[in-house]
Amino acid sequence: LFRDFLIRIYYALEKTKLPFLISCIGIGLNALFDWILVGAPTTNEINLLPNNYGVVGIVLASGLVNLIICVILSLKLKLNEIHIINNSLLKKILLISIASFITCSSCTGIVNLINIKDQNFLIQLQIVGIGFIIFSIIYFFITKLFKVNKLKINLRNRSKKIN
């Protein structure tokens with residue numbers, strides 16, 4: 001959402017070249033990160049890398065690319081002295097992303113310890129439900145630790161008097 005917000009700011013400023021270029025680079029980075037995070041598969045069904053995160057790796061790759069794009073677009077706005085409320089918002093988004101990564105990694109590890117493929121549907125559904133509860137609890141405490149559960153934005157009244 002923050003990336004879309006930044007791109008809309010660029011479009012409103014009629015500076016469309018940078019978001020287009022960054023989006024094209026993002027597509028290439030996404031393909032590269034997808035390939036790396038699913039174990040770098042080759043044509044003969046052998047993975048070059050030992051870690052294969054599967055669908056989770058694809059989601060992580062997309063999130064990482066979006067984070068990189070947000071940082072680049074935010075820094076470019078700052079260099080052009082276009083001030084938006086991005087410092088505190090970007091910090092919170094970064095901390096929420098870190099909390100999500102930690103939570104997903106730990107819950108994926110916990111669920112992988114349990115072999116759910118050999119279980120019937122009801123037991124699989126219970127395991128997923130328990131995993132969701134564990135995920136929610138861990139995520140809540142990590143975001144409490146990072147103090148990103150609430151977002152307070154102080155808007156100053158910048159109205160000018162017309163003489």
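FYI, it's all coordinate maths here, none of it is from the lab. Being a predicted model, the structure only gives us computed values, none of them experimental. Counting neighbours? That spans all protein chains shown, and the Cβs are built from the backbone with ideal geometry, glycine included.
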Give, in nm to one decimal, the length gained when the segment between N44 and L13 is fully stretched (0.36 nm per residue of separation minus the Cα-Cα distance). 6.3 nm
Just from its helices, what would the mean residue ellipticity at 222 nm be for the chain, if runs of 4 or more DSSP H residues each count -39500 (n - 2.57) and the sum is divided by every residue, rounded to the nearest 500 deg cm²/dmol? -23500 deg cm²/dmol
Neighbour-limited loop hits for trypsin sites (Lys or Arg not before Pro), the range 18-125 (at most 14 other Cβ within 10 Å; DSSP other than H, G, I, E, B): K117
Per DSSP, the loop-located trypsin sites (Lys or Arg not before Pro) within the range 1-60 having at most 16 other beta carbons within 10 Å are K15
Under a crude label model (7 Å from the Cα following the beta-carbon direction), how far is S97 from N52 in nanometres? 2.8
Taking only the alpha carbons of the range 24-94, what extent do you get along each of the three principal axes, in Å, biggest first? 51, 23, 14
Please work out which option in (1) 9, 25, 29, 22, 10, 3, 1, 0; (2) 10, 34, 33, 18, 5, 0; (3) 11, 41, 39, 9, 0 gives P(r) over Cα pairs in 10 Å bins from 0, in percent calculated from these coordinates, and answer with its label. (1)
With the charge dipole of the chain built from beta-carbon charges (+1 for Lys and Arg, -1 for Asp and Glu) about the Cα centre, the Cα from L90, N120, S106 projecting farthest to the positive end belongs to L90
